[in-house]
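What follows is a single structure, written as structure tokens, with notes after it.
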Amino acid sequence: MHATAPPPARTVLSPEVAEALSAGRPVVALESTLLAHGLPRPDNRAAADDVEAAVRTGGAVPATIAVLDGVPHVGLTAEEVDRVCADPDLAKLGVRDLPVAAALGLSGATTVSSTALLAAAAGIGVFATGGLGGVHRQAVDTFDESADLTALSRTSLVVVCAGVKSILDVPATLERLESLSVTVVGYRTTTFPGFYVADSGSTLDWSVADPAQAAAVFAARRALAPGAVIIANPLPVDEQLDPALHDRVIAGALAAAEQAGVRGKDVTPFVLDHLHRASEGATLVVNVRLVLRNAELAGQIAAALAEDVR
Ligand code: PSU
Ligand code: MN
């Protein structure tokens with residue numbers, strides 16, 4: 001006989017998140033890699049609070065997700081957010097890393113892939129981030145494609161983002177999302193956003209006009225097959241990074257990563273950090289701005305979804 005599978009790793013829900021979920025009130029998941037590895041310390045700490053506040057403005061309860069001492073936490077206390085934002089050695093955990101962290105009692109920040117999985121398992125239907133991982137520009141040689149894409153192909157939730165990080169190969173990433181049957185919809189646009197800039201140069205087939213339509217697309221997706229609905233929410237043009245500055249600093253950051261021989265999961269944090277410094281903080285301001293906008297919209301979509309279920 002086969003040994004029976006062990007019970008799934010215990011997940012701790014914060015009291016507020018547990019209460020909201022059991023009452024059917026709207027909840028929005030937030031990832032922690034963006035805090036620990038995407039934004040510089042100490043600015044990341046204020047950003048963490050601001051993102052949670054933006055979810056509340058949208059009408060939902062925020063649930064920032066991280067793994068602490070081997071235990072997935074959905075909804076963090078202020079002290080737990082301090083830990084995530086202050087520890088320079090915190091691991092970056094994708095889905096494949098979760099079992100190791102659980103078994104060895106390790107702590108780490110969760111990426112889009114692992115946050116989506118833990119959120120859906122907890123019964124959360126909406127997730128806000130900055131930009132998704134995707135296909136890297138040298139992927140033909142390196143095979144570097146974020147696990148975010150495959151994770152989203154099998155996880156049922158709405159992900160609100162400003163597209164994929166513009167350090168990536170955006171058209172190739174959209175092709176892979178199509179192959180993986182991930183639903184991608186623009187928010188009030190069919191222009192696919194370029195993270196720091198409003199227009200990535202790629203277009204989408206579909207757009208939704210308001211949070212209720214986004215919620216309706218997700219309800220239809222959930223009834224059809226597992227998999228995510230990506231709501232691509234561009235920055236307004238007057239809030240984007242200057243496109244000329246954007247192209248210049250990205251080229252420099254990618255060249256620096258190449259020269260430093262950075263590989264694997266260190267590529268994204270290295271490049272984001274290089275951009276923040278090369279742009280003298282301009283990319284950081286825009287990065288935080290777009291995450292806040294996504295968090296607020298995600299709150300509105302979660303509220304529309306909760307309304308629908310009623
Ligand atoms: N979006 C941001 N900043 C980030 C990330 C996304 O605005 O730091 C993180 C996310 O956690 C995403 C991860 O899942 O980068 C992708 O990393 P990789 O390319 O190694 O899969
Ligand atoms: Mn990668």
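The values are calculated or read from the model by the stated rules, or taken from the named source; none is laboratory data. A quick note: this is a predicted structure, and the numbers were derived from the prediction, not measured. Cβ sites come from the backbone with ideal geometry, for glycine too, and all protein chains shown count toward neighbours. SASA here: full protein model, heavy atoms, side chains in, ligands and nucleic acids out. Shrake-Rupley method; radii C 1.70, N 1.55, O 1.52, S 1.80 Å.
Normalising by the residue count of region 157-281, find the relative contact order in percent from Cα pairs under 8 Å and 6+ residues apart.
The normalised contact order for region 157-281 reaches 28 percent.
Dividing the mean sequence gap of close Cα pairs (under 8 Å, 6+ apart) by how many residues the chain holds gives a relative contact order of 21 percent. Hydrophobic, long helices, defined as DSSP H runs whose alpha-carbon span along the helix axis is 30 Å or greater and whose mean Kyte-Doolittle value is at least -0.5, occur in the chain at 282-309.
Scale the Cα Rg of region 12-309 by the rule-of-thumb value 2.2 N^0.38 Å and send over the ratio, two decimals. Numbers along the way, then the final one.
Details: Rg = 17.5 Å, N = 298, 2.2 N^0.38 = 19.2 Å.
Normalised by 2.2 N^0.38 Å, the Cα Rg of region 12-309 equals 0.91.
The magnitude of the dipole of region 12-309, with charges of +1 and -1 set on the Cβ of Lys/Arg and Asp/Glu and taken from the Cα centre, is near 420 debye. The protection proxy used here, the mean number of other Cβ atoms lying within 10 Å of each residue, ranks peptides 286-293, 96-103 as follows, highest first: 286-293, 96-103.
Proximity of backbone amide H atoms, modeled 1.01 Å from N, is registered between VAL135 and SER146, ASP169, THR173 at under 5 Å, excluding neighbours fewer than 5 places apart on the same chain. Under 1.5 on a/c is rounded, so check that first for region 174-310, then, if it is not, pick prolate when a/b is larger than b/c and oblate when it is not; a ≥ b ≥ c are the square roots of the alpha carbon gyration tensor eigenvalues. Prolate shape, in that a/c is at least 1.5 and a/b is the bigger ratio. Across region 1-159, Cα-Cα pairs more than 24 Å apart make up 32 percent of the total.
Each principal axis of region 156-235 carries a Cα extent, and these read 34, 26, 17 Å when sorted largest first.
Close amide H contacts of VAL158 (hydrogens built in the peptide plane, cut-off under 5 Å, sequence separation of 5 or more or a different chain): VAL126, PHE127, VAL229. Take GLU80: with every protein chain present and a 1.4 Å probe, its accessible area is about 40 Å². Helical runs (DSSP H, four residues minimum) scored at -39500 (n - 2.57) apiece and divided by the length of the chain put the mean residue ellipticity at 222 nm at -14500 deg cm²/dmol. Less than 5 angstrom separates the built amide H of SER32 from those of ILE65, THR110, all sequence-distant by 5 or more or on a different chain. Accessible area ranking (1.4 Å probe, heavy atoms, ligands and nucleic acids excluded), largest first, for LEU104, LEU224: LEU224, LEU104.
Packing, as the average of other Cβ atoms within 10 Å across residues, places the peptides 24-35, 212-223, 113-124 in the order 24-35, 113-124, 212-223, highest first.
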